[in-house]
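The values are calculated or read from the model by the stated rules, or taken from the named source; none is laboratory data. Here the structure is a predicted model, which is why all the values come from computation and not from measurement. FYI the Cβ positions are ideal-geometry reconstructions off the backbone, even for glycines, and counts take in every protein chain you see. For accessibility, only protein heavy atoms count, side chains too; no ligands or nucleic acids. Shrake-Rupley method; radii C 1.70, N 1.55, O 1.52, S 1.80 Å.
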Amino acid sequence: MTWDWKVFLNDDGGGRTYLEWMLNAWGWTLSVAVAAWVVAMVVGALMGTLRTLPNSPWLVRLGNFWVELFRNIPLLVQIFLWYFVVPKMFPAMKEVPGFVLVVLALGFFTSARIAEQVRAGIQALPRGQRYAGMALGFTTMQTYRYVLLPMAVRIIMPPLTSESMNLLKNSSVAFAVSIAELTMFAMQAQEETSRGVEIYIAVTALYAVSAFAVNRMMALVEKKMQIPGLVVAGTTGGGH
């Protein structure tokens, strides 16, 4: 078998090389992943917190419902629902770009997993933490903001790293609704050039580099935020 990496310098018929096309697709992949990560973290933190609220059974049920709903439906199905079904049910959503719909689908799917981690992190804290906040006269919101959540986030940094990497890799399913990300590029470029080996090796390398960068950034954050005795430095996927 011969290798022809010069295929990336060939014109794709649209006035750009396959290398330029691939890098543009990489940018779309990172854009989807970053935007979905923001949605997942905000919504996940909120739902995870709701599940631990004392004396608020309806809010706890809301958080539980959210987690069970989005965690138990396959991601690809959720993307199809957001892309094809939701705009038909709510005509105003027809004006929303497909990129945004995919970000919401991926973000909400991941938020259910992050909510479970936030819940576990808060419940792992000694009860004395909550009582200390109450003794200081804090409201429930202030207790979570200043006492519980800062500690819980430090505890759950290792699993958050894994979820962040999974979110990046899950962004590949966006090809199913024609978002021009890396997987879509690989499929189309392979059909046009018949050089699938070179194309898929290059795309795989970009996914690996991206995931490794996420791992290292999260490992650095974890090291800066670690609590002696609760979080051990270097527990994040291959940390030192």
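Here are the numbers:
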quantity: For F212, solvent-accessible area (1.4 Å; no DNA, RNA or ligand), Å²; calculated: 130 Å²
quantity: Accessible heavy-atom area order of W26, W37, W58, highest first, probe of 1.4 Å; calculated: W58, W37, W26
quantity: Mean-position separation - Cα centroids, the range 86-123 and the range 168-232, in angstrom; calculated: 20 Å
quantity: Between 0 and 90°, nearest 10: helix 18-50 axis offset from the chain longest Cα axis; calculated: 20 degrees
quantity: The range 95-139 shape via C-alpha gyration tensor axes, a/c threshold 1.5; calculated: oblate
quantity: Ellipsoid equivalent to the range 7-66 - semi-axes via the Cα gyration tensor, in Å; calculated: 47, 8, 6
quantity: Listed residues I114, I73 arranged by accessible area, highest first, probe 1.4 Å; calculated: I73, I114
quantity: Dipole moment magnitude, nearest 20 debye, the chain about Cα centre, only Lys, Arg, Asp, Glu C-beta charged; calculated: 1240 debye
quantity: Length added when fully stretched, L19-E68, from 0.36 nm per residue minus Cα-Cα; calculated: 13.5 nm
quantity: Choice from A180, A135, A25 showing the highest fluctuation, given a GNM over the chain with Cα pairs closer than 10 Å; calculated: A135
quantity: Under 29 Å, Cα to Cα: Lys pairs in the chain, sequence gap 8 or more or different chains; calculated: 5
quantity: Phi-based couplings in Hz for the range 111-117 (Karplus 6.51, -1.76, 1.60; Gly and Pro marked x); calculated: 4, 5, 6, 5, 4, 5, 5
quantity: Projected area averaged over orientations for the range 26-94, convex hull of C-alpha atoms, nm²; calculated: 6.0 nm²
quantity: Two-decimal Rg/Rh across the range 20-155, once Rg and the Kirkwood Rh are taken from alpha-carbon atoms; calculated: 1.09
quantity: Kirkwood Rh in Å, taken over all unlike Cα pairs in the range 107-232; calculated: 17.4 Å
quantity: Full-stretch length increase - Y146, T193 - with 0.36 nm per residue and alpha-carbon distance subtracted; calculated: 11.3 nm
quantity: Helix 196-225 vs. the chain, principal-axis angle (Cα, 0 to 90°, nearest 10); calculated: 20 degrees
quantity: Acute angle (nearest 10 degrees) that the helix 57-71 long axis makes with the longest principal axis of the chain, alpha-carbon atoms; calculated: 20 degrees
quantity: Two-decimal log10 I(q)/I(0) for the chain, as the Debye equation yields it once each C-alpha is a single scatterer, q = 0.08, 0.12, 0.17 Å⁻¹; calculated: -0.40, -0.79, -1.22
quantity: Under-5 Å amide H pairs with R51, H placed in peptide plane, nonlocal only; calculated: none
quantity: Which of Y146, Y83, Y200 is most accessible, then next, and so on - probe 1.4 Å; calculated: Y146, Y200, Y83
